[in-house]
Amino acid sequence: MLNPSKDFKEHWWPHQTPDRGMGPGGSRYFGKSPYPFGLYDAGYGDWELDGEPYTVAPGDKFRWYRSRIVGGRTNHYGRISLRFADYDFTPHSRDGVGTDWPITYDDLSPYYDKAESFIGVTGSKEGIRSAPDGIFQPCPPPRVHEMLVQRACKQLNIPCIPSRLAVITQPTHGRPACHYCAQCSRGCLTGSNYSASQTQIFPAMKTGRLNLVANAMARELITDSSGKVMAVSYIDKITRTEKQIKCRAAVVACGACESARLLLNSKSSRFPNGLANGSGQIGRHLTDSVGYSLSARIPALENLPRHNSDGMGGMHVYMPWWLWEKKDLGFPRGYHIEVGGGFGMPSPGQFAGLCARHEGYGKDLKTYLRSQYGTSVNLAGRGEHVPNPNTYCEIDPAVVDKFGIPVLRFHFKWTDNELKQAQHMHETFTAILETMGGTITRAAPKPVEGDGISIGGEIIHELGTVRMGNDAQTSALNKYCQAHEVKNLFVADAAPFVSNPDKNPTLTINALAWRTAEYLAEEMRKGNV
Amino acid sequence: MFNNDAVSRRSLLRAAGLAILSGGTLPLAEAQQVHQIAAREGAYRPRAFTGHEYRTLATLADLIIPADDVSLGAVVAGAPAWIDLLASQNPELTNIYTGGIAWLDAEMQRRGGTNFVDAKPADQIALVDLIAYRKNGTGELAPGVRFFDWARKMVVDGFYSSPLGTKDLGYLGNSAVSKFEVPQEAIQYALERSPFGK
């Protein structure tokens, strides 16, 4: 069970751990890190887990990050909380690419309101169609480098607006406001950012009406003769014994790929292709976000007067997609831009590039490193990945994990839709950084896999694997995320998403889950479930 | 043979002396720290390296990050001890250092008939001036250039991740504040130097 006061290493310094984040034996110097997101990160997971493999089809690349902790990746994620735009729900109607959602922005908007009010999100009213306004708390002011980014964007006609982060800047539902230490990814001891563990699960347990079974690895959903889910069968990881919990309804929310895996592994004579998978759609339509990033040293920031620039654990400004009306970009979908920089906590591994650039030694090197501290500005794009038939997950028939559960095999291919978008990101980021006075030495990426564009899965926005839709032939779930074929089965993570707009998924997961929960409660009251 | 007193005391006194010369006084807290580390370093027993290897590493460390008028040097900050700790957990890393140090000694023997650590400071600097740059990394000095790159990046990491190095850079965060503000002075400084002007 997660215990924040013990497990969250907020305010620790690197030197409080013997290897200071370079890994035992300095493993990071050799390309291997035991801390995939840095020392003290609260993800409690990794790209590879002992005894829990996954496989990737020959010739493809895919990386799957899994947290194994109450609250999962919400304990450490970037807290970026962006509403989908109205047009994001109707991609196919708009330009013939992708598939429309069975719901509209207006269907989900009240649930965005509820989710934002409950978890707390910073932001400002901007009236930008690609970034609908919501219920916002004040965002702290831009840091110095972010102010320069804003100036550059103004010259380039790119909107650059206050961040929308799930960080509370005002006391909210008993949680104190942010104390601006920039360490959201380590987990927040005061619960001043959103995590499912601290904001939802622990308070729910306090009601006495939630019984949490930790260390349970779900193996299979068991159905009765009428085809309804009657029990969840799981491995107790501590005793390595199989147990069952009987249920009136089952809500699956294991993370999109793990949810697909559980359903695909829940086979019976009635559901030979996996539970609720008569359509054969489960595992298909897998997407991640397109990732591309570019950094530059900004001369105007050299020897900047020192001050505490920590702030929230993430950027204070960001750039929403701004070209949604342009039809001649050569790729169909947009991206937003995230900003990194400032005086970060000095940690090993940060200085290798500067040392290589300056070379030498002694007082010159020391003076140089001091002058360059805090001058790096990073821009990172997160773009929409259009589902394609070569990107999906399925059960690997030959491999099981240490619990005996068949594992996933991934297939992943970017298409020109994404590769050209990454090139556009490079051009945009170059323009912004050069306008700020930076120099870009990296060549533009070629439109091929592996050149600058992230590897599939690396952005950890995998979704779409149990998608919703009005047609039971082409989707597994209806518009309430209820299985077409199994009335007491629901999916409440990002697996139901029909598309993966350039908006980080967590806020929409919350809104959609809220809507699903209300529907489920109503159906139970009516006796339909 | 594991007597490290010479190097640690010498470098500490040099560091403390420099700080006093340049700044006039050594702040009390830092003076105390110097004494504490002197006591600790005096008794330091390397885990991965011989006394000779460790003394050589410490000499290199204070050449790479010496004391200056802002802060003390790498040895006082504990950078060589941190490298020794990591090396004690990783034979591959140990080999990089033992091999590199033996190369330095052989090269210095060839040049002046002494080990690196026993050479005159001017001779140490003459050799480091060569191996501190990639342009010399293709010929006979290549092993030295490769080793110095390792030593430089790890000494720098060890120094700046220590409390002394963190203070040197002027990192003022990792605290709890009720309001986030950006000083006007910093905004003005950056704008004046940026392409945007004021």
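The values are calculated or read from the model by the stated rules, or taken from the named source; none is laboratory data. A quick note: this is a predicted structure, and the numbers were derived from the prediction, not measured. As a convention, Cβ positions derive from the backbone with ideal geometry for all residues, glycine included, and neighbour counts pool all protein chains shown.
Yes or no: residue B:81 in a helix (DSSP H, G or I), under 29 Å from residue A:18 (Cα atoms) and without any contact (Cβ under 8 Å) to a residue 12 or more places away in the chain?
When the stated conditions are applied, residue B:81 does not pass them.
Being away from chain A (no Cβ under 14 Å), among the hydroxyl-bearing types (Ser, Thr, Tyr), crowded, with 21+ Cβ neighbours inside 10 Å and over 18 Å from residue A:20 (Cβ atoms) narrows it down to one of B:114, B:98, B:56, B:50, so name that one.
B:56
So which of A:301, A:294 ends up being facing chain B (nearest Cβ under 8 Å) and more than 20 Å from residue A:187 (Cα to Cα)?
Sole residue among the options that is facing chain B (nearest Cβ under 8 Å) and more than 20 Å from residue A:187 (Cα to Cα): A:301.
Looking at (1) within 10 Å of chain B (Cβ to nearest Cβ); (2) part of a loop (DSSP other than H, G, I, E, B), which is the only condition residue A:326 fails?
Condition not satisfied by residue A:326: (1).
Run down A:383, A:404, A:341 and say which single residue is at pLDDT 95 or above, over 30 Å from residue B:150 (Cα atoms) and crowded, with 19+ Cβ neighbours inside 10 Å. Step through it out loud before you land on a result.
On the way: A:404 fails: crowded, with 19+ Cβ neighbours inside 10 Å; A:341 fails: over 30 Å from residue B:150 (Cα atoms).
Exactly one residue qualifies, and that residue is A:383.
Hey, can you tell me all the residues within segment A:329-351 that are among the charged types (D, E, K, R) and part of a loop (DSSP other than H, G, I, E, B)?
A:333, the sole residue that qualifies.
Inside segment B:27-70, can you point out the residues that are in contact with a Ser or Thr (Cβ under 8 Å, 6 or more places away or on another chain), part of a loop (DSSP other than H, G, I, E, B) and either at pLDDT below 95 or of a type in the set (Asp, Glu) (or both)?
B:44, B:68, B:69
Between a first residue in segment B:121-149 that is surrounded by 15 or more Cβ atoms within 10 Å (Cβ to Cβ) and a second residue that is small (Gly, Ala, Ser), which pairs have beta carbons less than 6 Å apart while being 6 or more apart in sequence or on different chains?
Sorted first by the residue in segment B:121-149, then by its partner, the pairs are B:123/B:112; B:131/B:144; B:132/A:360; B:145/B:137; B:147/B:100; B:148/B:132.
For segment A:352-402, give me each residue that is assigned to a loop (DSSP other than H, G, I, E, B) and facing another protein chain (nearest Cβ under 9 Å).
The answer is A:359, A:360, A:361, A:373, A:374.
Name the pairs: first residue in segment A:208-220 and at pLDDT 95 or above, second residue polar (S, T, N, Q), Cβ to Cβ under 8 Å, at least 6 apart or on different chains?
Hits for this filter: A:218/A:233; A:219/A:233; A:219/A:265; A:220/A:233; A:220/A:265; A:220/A:266.
Out of everything in segment A:25-42 that is free of Cβ contacts under 8 Å to residues at least 24 places away in the same chain and part of a helix (DSSP H, G or I), what residue ends up being farthest from the chain's Cα centre (by Cα)?
A:25
What helices (runs of 4 or more DSSP H), lying completely within segment B:139-198, carry at least 1 residues that are facing another protein chain (nearest Cβ under 9 Å) and more than 25 Å from the chain's Cα centre (by Cα)?
Result: B:184-193.
Do the conditions hold for residue A:280, that is, is it out of contact with any strand residue (DSSP E or B) (no Cβ under 9 Å at 6 or more places or on another chain) and on the phi > 0 side of the Ramachandran plot? Steps first, answer last, please.
Values: out of contact with any strand residue (DSSP E or B) (no Cβ under 9 Å at 6 or more places or on another chain): yes; on the phi > 0 side of the Ramachandran plot: yes.
Criteria met by residue A:280.
When you go through A:142, A:159 one by one, which is the residue that is within 9 Å of another protein chain (Cβ to nearest Cβ), more than 22 Å from the chain's Cα centre (by Cα) and part of a loop (DSSP other than H, G, I, E, B)?
One residue alone meets the criteria, A:142.
Would you tally the residues in segment A:145-156 being at the interface with another protein chain (Cβ under 7 Å from one of its Cβ atoms) and either touching a residue at least 60 places away in the same chain (Cβ under 8 Å) or among the charged types (D, E, K, R) (or both)?
Residues that pass the stated criteria total 2.
Name the single residue that is farthest from the other protein chains (Cβ to nearest Cβ) among those in segment A:175-218 being touching an Asp or Glu at 6+ places or on another chain (Cβ under 7 Å) and part of a strand (DSSP E or B).
A:216
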